[in-house]
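Reading through the structure tokens given below for one structure.
Please treat every number below as a calculation from the coordinates, not as lab data. Only a predicted model underlies this, so the values are computations on that prediction, with no experimental measurement involved. Note that we place each Cβ from the backbone using ideal geometry, even for glycine, and neighbour counts take in every protein chain shown.
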Amino acid sequence: MGQKVNPVGFRVGVMEPWKSRWYASKKEFKALLFEDHRVRRFVKTKYRSAAIPKVEIERTRDEVKIILFTARPGVIIGRKGQEVDRLQGELQDLLGRRVNLKVEEVGRPELQAQLVAEDICDQLSKRASFRRTIKRAMETTMDAGAKGVKIQLAGRLGGAEMSRCEKAMSGSVPLSTLRAKIDYGFCEAPTPQGNIGVQVWVNQGTYEESGDAADAQEGQASKKPKRAYKR
């Protein structure tokens, strides 16, 4: 089962909080979900150089709170905060509601699977050797302190006539251990021969006892006493 499940979705509500935190009726849910998708696509497209691994959205009755996690906050904030004010105005025009924009810096971008995947895509778009690119990305991630990393590419690799899949792995990447903090990222690299899909799994260690899932539902994230099993 672990091979067929997105590792982030596998842990949402159990170990990971939701990236969109709001409630809506059945009539409004579809429109608000599409709004979230438009916001994420707009920010990722406009600030690709800012290295944004994820965008979290919270909605209240009065405003929409958008939290941008970025490895380069200076690109979004700009000089004296001019760029972030302009971005906030553009998002308000896009949504038609008051937007509260918050920018948070990512400590170690080498451990963010989405940023690793985007970096690999940039290299492949520049016609770099895919094997050398995979090896360099894995070494950089492992040197940053990752417990394990797995990279998979699919498409017409090296300009071959027939598409194929290449996979490389270093360290430990468990498939179904919920305590393991597995980050997942996906990106597509446009090449003259067609798009190449890049998937990255990064094992960042284990979740702390305080938990990153403080916002997860209590019913799904309840802590049960440990039971000893005898073999």
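Charge dipole of the range 2-105 (Cα centre as origin; +1 on each Lys and Arg Cβ, -1 on each Asp and Glu Cβ, all else neutral): 300 debye, rounded to the nearest 20. Here the Karplus relation 6.51 cos²θ - 1.76 cosθ + 1.60, evaluated at θ = phi - 60°, turns the backbone of the range 166-175 into coupling constants of 10, 10, 9, 9, 9, x, 10, 10, x, 8 Hz, with x for every Gly and Pro. Near Val103, the amide H atoms lying under 5 Å from its own belong to Leu68; only residues 5 or more places off or on other chains count, and H is placed 1.01 Å from N. Here the dipole of the range 124-184 is about 80 debye; that uses its Cα centre as origin and unit charges on the Cβ of Lys and Arg (positive) and Asp and Glu (negative).
The base-10 log of I(q)/I(0) for the range 2-105, evaluated at q = 0.16 Å⁻¹, reads -0.77 [Debye formula, identical scatterers on Cα atoms, solvent excluded].
Each Lys or Arg adds one and each Asp or Glu subtracts one; over the other residues with Cβ under 15 Å from the Cβ of Gly96, this totals -2. Put a plus charge on the Cβ of each Lys and Arg, a minus charge on the Cβ of each Asp and Glu, and nothing anywhere else: the dipole of the chain about its Cα centre is then about 680 debye. Remark: the Cα gyration tensor places the range 109-206 in the prolate category, a/c being 1.5 or greater and a/b exceeding b/c. For the range 153-158, the Karplus equation 6.51 cos²θ - 1.76 cosθ + 1.60, evaluated at θ = phi - 60°, returns couplings of 10, 9, x, 7, 5, x Hz by residue, with Gly and Pro reported as x. Relative contact order for the range 55-162: 21 percent, from Cα pairs under 8 Å spaced at least 6 residues apart, divided by residue count. Candidate membrane-span-like segments in the chain, meaning DSSP H helices with Cα atoms spread over at least 27 Å of their own axis and a Kyte-Doolittle mean of 0.0 or above, do not occur, with no membrane implied either way.
Beta-bridge orientation, the chain: approximately 75 percent antiparallel, per DSSP, counting only bridges with both partners inside. Each Lys or Arg adds one and each Asp or Glu takes one away; over the other residues whose Cβ falls under 10 Å from the Cβ of Tyr47, this sums to +3. Here's how it looks for Val5: its modeled amide H is under 5 Å from none belonging to a residue 5 or more places away or on a different chain.
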